[in-house]
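Okay, so here's the structure we're looking at.
Each value in this text was obtained by applying a stated rule to the coordinates, not by laboratory testing. Treat the numbers as computed from the prediction; the structure is a model and nothing was measured. With ideal geometry, Cβ positions are generated from the backbone for all residues, glycine too; neighbour counts draw on all protein chains shown.
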Amino acid sequence: MNPYWDTNLFSFFLTLLSRLFSGALFTNPAADEIQLGTLSLVAFSCGLLSPFLVLKRMSMFANALSHTVLLGIALAFLLSSALFGATLLQPSTLFIGALLSALLTALLTEGTTRLFRLQEESSVGLIFSLLFALGVIITTLFTRHIHLGVEAVLGNADALQRSDLFLSGLYALLSLGTILLFFRPLQISIFDRSFALLSGLRPQLLHFLLLFLTAGLSVSAFRAIGLLLVLSFLTGPYLIARLFCHRLSLLLILTPAIGIALSLLGIALSRHLLSLYDLPLSTGGITTSLIALTWLVLYFARAYIPKRKSYSITHNSANL
């Protein structure tokens, strides 16, 4: 039985703390800890990647990539089923399909930009619409029996398994190791591309590194929580952190922390509404709405907080 059944918002965290100190976390497959761990690990991975994606103005590209992987995964599944008789979506199939679609999206976007002399945003929008439409058509026509349509976009964060937790944990370690290893080259290539070239770095290779990391993150999204929630984790926590700090090193700490905190609060709120009001609302939808609401409240709160020190300095300077 789920130990979090009939808990409200506050008793949920009390139960979580008691199970944490007693060493009972993740011992019950029916408990919400699988959900807590998976969403927290995905939020952690997104928090490590999102500062680089936003600073490199790749957030729209990440949005496009997270949708165009649908085409790659569908084609990879159809090809594996035709060649090997596969009837299930294997992790290797998802990963290969995501990588191929990421490469195709990158090549088509870059080729469209250079061939037709379009802005990168216009090329991304064009390729995104084309590949995503093809993916929806293929999944609708040929993959109805594996439920790869709406479920892949919306996800099902309320029915996660240990395999989802394990995959999210592996990818979180991969993201952390990559960022720690390439932090300095990524930082230089983002803020000064010319200096990066003079220093012998290859910004284009680093660009594709972020691209493939985002593709791998999309694999976790398809298997676990859905693309919409991942996109929220890629943008929302970073925008919230950006309200309070501007240093990249601090953003890489604060952004994952905000994402993890909001994912925990979203799961607790979902359990609260189900237990007290019998409202079986989607955990992914609640968490996404919570991220947007948190940014909106903090943005206006920060905008209306009087900056007394800066005002006094300006006022005294004007008098002088």
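So here's what we get for this one:
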quantity: Label corresponding to P(r) over Cα pairs in 20 Å bins from 0, in percent when calculated from the structure given, among (1) 32, 55, 12, 0; (2) 33, 59, 7, 0; (3) 29, 54, 16, 1, 0; calculated: (3)
quantity: Order of V124, V69, V297, V136 - criterion: other Cβ atoms within 10 Å of each residue's Cβ, fewest first; calculated: V297, V136, V124, V69
quantity: Least to most buried among T139, T255 (fewest other Cβ within 10 Å first); calculated: T139, T255
quantity: Computed E for L296/F166 - FRET, C-beta separation, R0 35 angstrom, nearest 0.05; calculated: 0.50
quantity: Anisotropy class of the stretch 1-132 from Cα gyration tensor, a/c 1.5 cut; calculated: oblate
quantity: Sequence of I188, I225, I267 once ranked by neighbouring C-beta atoms within 10 Å, starting from the fewest; calculated: I188, I267, I225
quantity: Qualifying trypsin sites (Lys or Arg not before Pro) in the stretch 1-71, DSSP loop, other Cβ atoms within 10 Å at most 12; calculated: R57
quantity: Taking the stretch 29-303 and dividing mean pair separation by its residue count, relative contact order in percent (alpha carbons under 8 Å, at least six apart); calculated: 31
quantity: Centroid-to-centroid separation of the stretch 1-42 and the stretch 226-241 [C-alpha atoms, Å]; calculated: 23
quantity: Within the stretch 1-71, chymotrypsin sites (Phe, Trp or Tyr not before Pro) in DSSP loop having at most 16 other beta-carbon neighbours inside 10 Å; calculated: W5, F26
quantity: Cα gyration tensor category, rounded, prolate or oblate, for the stretch 93-142 with a/c compared to 1.5; calculated: oblate
quantity: Whole-Hz ³J(HN,Hα) from phi, Karplus 6.51 cos²θ - 1.76 cosθ + 1.60, for the stretch 42-57, glycine and proline x; calculated: 5, 4, 5, 5, 5, x, 6, 8, 4, x, 5, 5, 6, 5, 8, 6
quantity: Around L209: net Lys/Arg minus Asp/Glu count, Cβ-Cβ under 13 Å; calculated: +2
